[in-house]
Amino acid sequence: MFDLLLLSVAGFLAGSMNALAGGGSFVSLPALISVGVPSVIANATSTFALFPGGVASSWVYRDGVRGVCGVGFKPIAVATVKGGVTGSVLLLLTPTTTFDVMLPWLLLIATSMLILGPKLGIRLQRVRRSQTAVVLSIQLLLGIYGGYFGGAVGLMMLAAWSLLGGGDIKSLNPTRMVMVTAANAVAVIVFVLAGAIAWQQCLPMIAGAFAGGWSGAHLGRRLPAPIVRAITVVVALLTTVIFFARAYL
């Protein structure tokens with residue numbers, strides 16, 4: 001009963017975080033690992049469990065979805081889906097020990113981009129003329145990362161788009177949510193076909209994540225952009241520290 005409660009609450013918090021600022025898997029992944037699920041399987045299970053919450057959040061945000069950095073929604077979605085398939089296959093080919101070592105460094109990159117993105121974006125205004133190929137290439141890499149790990153991919157999208165002058169975090173949140181859900185959708189298909197889901201631990205987390213994703217998206221539409229950004233940065237910093245401690249202490 002304790003495990004079921006833990007996983008349900010973790011799912012709710014993770015779904016809320018994903019809808020609000022991203023980084024929800026930093027709650028769901030440790031929760032799954034704490035109940036005995038190996039990290040690679042835990043990551044695949046976390047992706048599956050949070051997917052319904054992502055769909056719920058995407059539906060709430062649907063009116064705000066748009067292109068990013070001058071590039072239309074459809075090309076960005078295609079690049080994200082292609083990357084999601086590639087990344088999910090790569091995850092299944094990665095040994096658990098290697099995956100554990102890589103996580104904190106991936107998070108450190110994401111957190112750095114998130115913090116420095118707006119300032120760097122201002123400095124790069126003059127060199128951003130024709131950037132369609134750049135945006136789509138970055139989005140393909142983000143899709144690969146999303147399919148591979150999922151954790152902080154929403155933060156990384158916000159950081160990259162902010163770096164390229166896409167706008168403030170709150171205005172980018174709807175498109176970010178839909179793109180993360182798109183990458184997760186194809187990853188979920190790959191994980192299910194590969195038998196990489198711990199179903200017993202997954203089911204209670206799904207219920208919590210769906211409720212959290214719905215409520216978090218409604219809250220995120222009402223919060224001011226500076227608060228959303230502050231929450232995003234705090235989540236990124238805390239989770240990066242946690243994963244470094246887990247890997248090296």
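The values are calculated or read from the model by the stated rules, or taken from the named source; none is laboratory data. All values derive from a computational prediction rather than experimental measurement. A quick note on method: Cβ atoms are made from the backbone with ideal geometry, for glycine too, and the neighbour counts reach across all protein chains shown. Just the protein is used for accessible areas: all its heavy atoms, side chains included, with ligands, DNA and RNA removed. Shrake-Rupley method; radii C 1.70, N 1.55, O 1.52, S 1.80 Å.
Applying 0.36 nm per residue to the separation of T96 and M1 and subtracting their alpha-carbon distance, the gain on full extension is 31.4 nm. When only Cα pairs below 8 angstrom with a gap of at least 6 residues are kept, the chain shows a relative contact order of 41 percent. Helix 199-220 axis versus longest C-alpha principal axis of the chain: approximately 30°, rounded to the nearest ten. Within the listed set M102, M156, M177, the Gaussian network model of the chain (springs between alpha-carbon atoms below 10 Å) gives the highest mean-square fluctuation for M102.
Using a Gaussian network model of the chain in which every pair of alpha carbons under 10 angstrom is joined by a spring, one finds that among S16, S215, S46 the greatest mean-square fluctuation is at S215. Rounded to the nearest 20 debye, the dipole size of region 1-122 about its Cα centre is 460 debye, using +1 on the Cβ of Lys and Arg and -1 on the Cβ of Asp and Glu. What's the carbon and sulfur percent of region 11-76's accessible surface, probe 1.4 angstrom, rounded to a whole number? So the carbon and sulfur contribution to the accessible surface is 70 percent. With every protein chain in place and a 1.4 angstrom probe, the accessible-area ranking of D63, D100, largest first, reads D63, D100. Considering only P104, P52, P95, give the residue with the highest GNM mean-square fluctuation for the chain, with springs between Cα atoms whenever their separation is below 10 Å. Per the Cα network of the chain with a 10 Å cutoff, P95 tops the list. Of the listed residues T240, T97, T86, the order by accessible area with a 1.4 Å probe, largest first, is T97, T86, T240. Phi-derived couplings, Karplus 6.51 cos²θ - 1.76 cosθ + 1.60 at θ = phi - 60°, listed residue by residue for region 6-17: 4, 5, 5, 5, 4, x, 4, 5, 5, x, 5, 5 Hz, with x used for Gly and Pro. Using the 1.4 Å probe convention, the accessible area of region 22-98 works out to 37 Å² per residue with neighbouring protein chains retained.
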